[in-house]
Amino acid sequence: MESEFNTMWKHIRQQINLGPYTSHSYRHAMATTLLTGGVDIKTTQAIIGHSQPSTTLNIYSHALPGKIWEAGLIFTEKMVI
């Protein structure tokens, strides 16, 4: 499966100019964009293809610090009467 993907990726790179970016670069960009855009971890995990959401969290947790702040604001707003 890996060699099929690499063959496909090489063919795509020959067709269009992707610059110095690899398939991994695009995968990383997609996961980071999804998470910072508010897509939940389980959905992102399924799209990226990790077998466990914990794998996605371990690799892409850098994309979530702003989400912790947002969660705090949401909680604070709900607690204020």
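Every read-out reported here was derived from the displayed coordinates using simple, explicitly stated rules and does not represent laboratory data. All figures in this text were calculated on a predicted structure; none of them were measured in a lab.
A few comments on the model shown:
- Chain lengthening between GLU70 and SER23 when straightened (0.36 nm per residue, less Cα-Cα): 13.8 nm
- The angle between the Cα long axis of helix 23-36 and the longest principal axis of the Cα atoms of the chain comes to about 20 degrees, rounded to the nearest 10.
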